[in-house]
Amino acid sequence: MQTPKTIAIANAKGGAGKTITAVTLAGYLHTLGSTVLFDGDESEGAIKWAKRGGEDFPFGVLPASRYHEWQRGSFTYTLFDTHPSVEDVETAASIADLVIIPAVPDGTDTDGLLLTIATLQRVQCKNFKVLLTRVPSYATKAAADLREGLQAMGVNVFTAQIPRLDVFGKAATQGLVVNQLHNKTASRAWEAYVALGKEILA
């Protein structure tokens, strides 16, 4: 697959870490080239996050409704934070070079993950990959089991995975990308997304 330039973060169920992934991955990609994030979630979590940062927020975050005003090629990387619905998963498949499905290794979240995968397969989307997110330190076996189960289904899973860390919420509250917080926990959170970004671009 060619290096993806348009990336959608999608899950038919909320609570999987879509917005954290969209904002933090966009923050990393922006260190490599101009990046814009379109927020299609009705809660406008990414837009509100960026507004709290004001003019110091490192990249542009716009409502998804403005996507058609933008000309492809204006930015090196374009990301979409989608609304948690089957319809938005289908839209993600139609516009993105890569669809990332954030998934929490918790049995209560499995239905949304499987619905998202089934939706992408139904619309014959080939370029999607699961990202394990919000992985607590005590759930390494659950994460490994989910990874193994998905791979047994023929579903691609990123090697990188995102730990459950309160520092992501702190960054959102302050209108910052997590690398703008200078402590060891923030560095760990940032490095997880650096690893994801490098894996995407490899």
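Observations, loosely collected:
- Note on the chain: with a GNM built from Cα contacts shorter than 10 Å, the maximum mean-square fluctuation among D106, D39, D81 falls on D106.
- Phi angles across the range 185-201 convert, under the Karplus curve 6.51 cos²θ - 1.76 cosθ + 1.60 with θ = phi - 60°, into 3J(HN,Hα) values of 5, 5, 5, 5, 4, 5, 4, 5, 7, 4, 4, 4, x, 5, 5, 4, 8 Hz, Gly and Pro given as x.
- Applying both filters, DSSP loop and at most 14 other Cβ atoms within 10 Å, to the trypsin sites (Lys or Arg not before Pro) of the range 87-151 gives K126.
- FRET efficiency, L115 to T140 (Cβ-Cβ, R0 22 Å, nearest 0.05): 0.30
- In terms of distances greater than 21 angstrom between alpha carbons, the cross-link table entries K48/K170; K13/K198; K5/K48; K5/K126; K141/K170; K141/K184 yield K13/K198; K5/K48; K141/K170; K141/K184.
- Semi-axes of the equivalent ellipsoid of the chain are 24, 21, 15 Å, computed as sqrt(5λ) over the eigenvalues of the C-alpha gyration tensor in descending order.
- Taking each residue as 0.36 nm, the span from S34 to D56 lengthens on full extension beyond its C-alpha to C-alpha distance by 6.4 nm.
- Selected from V130, V178, V86 as most flexible by GNM, with the chain as the system and alpha-carbon contacts under 10 Å: V86
FYI, it's all coordinate maths here, none of it is from the lab. As the structure is a prediction and not an experimental result, all values here were calculated from the model. Every residue, glycine as well, gets a Cβ built from its backbone with ideal geometry; the counts of neighbours run over all protein chains shown.
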